[in-house]
Amino acid sequence: MNITVVGRGNIGGGLADLWERAGHRVTRLGRGGGDAGSAEAVLLAVPGAAVEAALSSVCGLTGRPVLDATNLYGSARPPAGFASNAEYVKAVTGGPTAKAFSTNFASLFGQVAGARVRPSNLWSGDEQVEDIVVRLSLDAGYEAVRLGGLDMAASQEGLAGVLFSIAQSGLGEFVYRMAAPDQL
């Protein structure tokens, strides 16, 4: 798959590395932006408050499937008029959109492959992007678990804060698995 990753930080860079190892062609775009016109999928992995600026610096996004891995911390909010960053992304690009990879710790990407069972990658979004989310989750070492439609993206953005609070309470960074007991 031809993937464009917007954001070269821990999440974007870490997933780009995993996907390249899985055989995908990955174009990495940083603050200078660039062209995503040949992408079969786009990962948006920038700080949550930088979504508007990041999208305005990338051309070729119209109609492209976008996986929004952004998070909003503290007092950061989605762009005015939108309940979540993912809903804003869909409004700008017009393509199928998912909130995905936003509730996983990037520092653990390298350890996931050695897990006894695949940890979960929670996602919410349009059904049209499900095959992409499932494939890229598997290729990164995760199992995709759908929370619902794009209307669940705001709840997922809130969940990220909960997970990070758990990590800071003494557990440290962790993976999680949403599964029936017989799959543990």
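The values are calculated or read from the model by the stated rules, or taken from the named source; none is laboratory data. The structure displayed is predicted, hence computed values, not measured ones. Reconstructed Cβ throughout: ideal geometry from the backbone, glycine too, with neighbour counts over all protein chains shown. To get the accessible areas, we keep the full protein, side chains included, count just its heavy atoms, and leave off ligands, DNA and RNA. Shrake-Rupley method; radii C 1.70, N 1.55, O 1.52, S 1.80 Å.
Using a Förster distance of 41 angstrom, determine the FRET efficiency expected from the C-beta separation of residue 143 and residue 56, and round it to 0.05. Working shown, then result.
Values: r = 34 Å, r/R0 = 0.83.
Efficiency, from the Cβ-Cβ distance: 0.75.
Summarise the long-distance tail of P(r) for region 1-121 by giving the % of C-alpha pairs beyond 22 Å. Mind showing how you got there, number by number?
Values: 2167 of 7260 pairs.
So the pairs more than 22 Å apart make up 30 percent of the total in region 1-121.
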- Message: Taking just the alpha-carbon atoms of region 59-160, what radius of gyration and Dmax come out, in angstrom?
- Response: 13.6, 43
- For the pair residue 165 and residue 83, the simple spin-label estimate (label points 7 Å beyond Cα toward Cβ) gives in nm 2.1 nm
- Item | Gain upon complete extension [residue 27, residue 155; 0.36 nm per residue less C-alpha separation] | 43.1 nm
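Sort largest first and round to whole Å: the equivalent ellipsoid semi-axes of region 16-81, each the square root of five times a Cα gyration tensor eigenvalue.
22, 15, 10
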- Can you send over the carbon and sulfur percentage of the accessible area for the chain, probe radius 1.4 Å, protein chains only? 51 percent
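Under the 0.36 nm per residue contour assumption, what length would be gained going from the current alpha-carbon distance of residue 131 and residue 76 to full extension? Working shown, then result.
On the way: separation 55, 0.36 × 55 = 19.80 nm, distance 3.06 nm.
Working it through step by step, the gained length comes to 16.7 nm.
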- Task: Please name which of 63, 22, 172 has its Cα lying farthest along the dipole of the chain towards the positive end, using unit charges on Cβ (Lys, Arg +1; Asp, Glu -1) and the Cα centre as origin.
- Result: 172
